[in-house]
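> Below you'll find the structure I mean.
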Amino acid sequence: MGIYQEQILPILINFSMRQKNLAACRRRVVPAAQGRVLEIGIGSGLNLPFYSPTVQQVIGLDPSPKLLAMARRTERPGSGKVEFVEGSAEESGCHLNRAIGVLIEGASFQFDRLETGYMRGPKPMTFMYEGSARPR
């Protein structure tokens, strides 16, 4: 990988994910997680402080060693054990080139609710999925 991929891009991703509207979304959504959580694209760990004590484990997957190093330094008062895994979702057998509904239901989960839409901001960075699902 080149210097852009290793050094510059992780900083840009961390910066863009710190938008105020995303923090409000994190405060609303992340505390509802329970049990074991697989966070695909954990990035710099910005969700970690919002997990509640009902989360026993977070497995954070990200292809960027720099972002994972940032995530390891993130304060995480509510979440239980956190395991960081360097790699992409595709390398782990999760092919994200499908609709999110198909992906979640294909993993034997049933949706209680799924909402999609754009938040304010640049369109490539603001399409959001929000919902809840449970094992079948």
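The values are calculated or read from the model by the stated rules, or taken from the named source; none is laboratory data. As the structure is a computational prediction, the values presented were derived from the model and not from experiment. Note: ideal-geometry Cβ built from the backbone for every residue, glycine included; neighbour counts use all protein chains shown.
> Does Ser52 qualify as being closer than 17 Å to Met128 by Cα, touching a helix residue (DSSP H, G or I) at 6+ places or on another chain (Cβ under 8 Å), surrounded by 12 or more Cβ atoms within 10 Å (Cβ to Cβ) and among the hydroxyl-bearing types (Ser, Thr, Tyr)?
Here the answer is no, as Ser52 does not meet what is asked.
> Take Gly43 and tell me if it is within 14 Å of Pro63 (Cα to Cα) and of a type outside the set (Val, Ile, Thr).
Yes.
> Please work out if Leu38 is without any contact (Cβ under 8 Å) to a residue 24 or more places away in the chain and of a type in the set (A, V, I, L, M).
Criteria met by Leu38.
> Further question on the same structure: Would you check which residues across region 11-28 are assigned to a loop (DSSP other than H, G, I, E, B) and either within 13 Å of Glu130 (Cα to Cα) or not polar (S, T, N, Q) (or both) and list them?
Residues satisfying the conditions are Met17, Arg18.
> Continuing with the same structure: Pull out all pairs, ordered by first then second residue, where Cβ-Cβ is under 6 Å, the residues are six or more apart or on different chains, the first lies in region 1-22 and is assigned by TED's automatic domain parsing to the domain that holds Pro49, and the second is among the aromatic types (Phe, Trp, Tyr) and surrounded by 11 or more Cβ atoms within 10 Å (Cβ to Cβ).
Here the result reads none, with nothing in region 1-22 linked to a residue that is among the aromatic types (Phe, Trp, Tyr) and surrounded by 11 or more Cβ atoms within 10 Å (Cβ to Cβ).
> Does Pro65 qualify as being in contact with a strand residue (DSSP E or B) (Cβ under 8 Å, 6 or more places away or on another chain), farther than 22 Å from Glu130 by Cα and in contact (Cβ under 8 Å) with a residue 40 or more places away in the chain? Before the answer, list the steps.
Values: in contact with a strand residue (DSSP E or B) (Cβ under 8 Å, 6 or more places away or on another chain): yes; farther than 22 Å from Glu130 by Cα: yes; in contact (Cβ under 8 Å) with a residue 40 or more places away in the chain: yes.
Against the criterion (in contact with a strand residue (DSSP E or B) (Cβ under 8 Å, 6 or more places away or on another chain), farther than 22 Å from Glu130 by Cα and in contact (Cβ under 8 Å) with a residue 40 or more places away in the chain), Pro65 qualifies.
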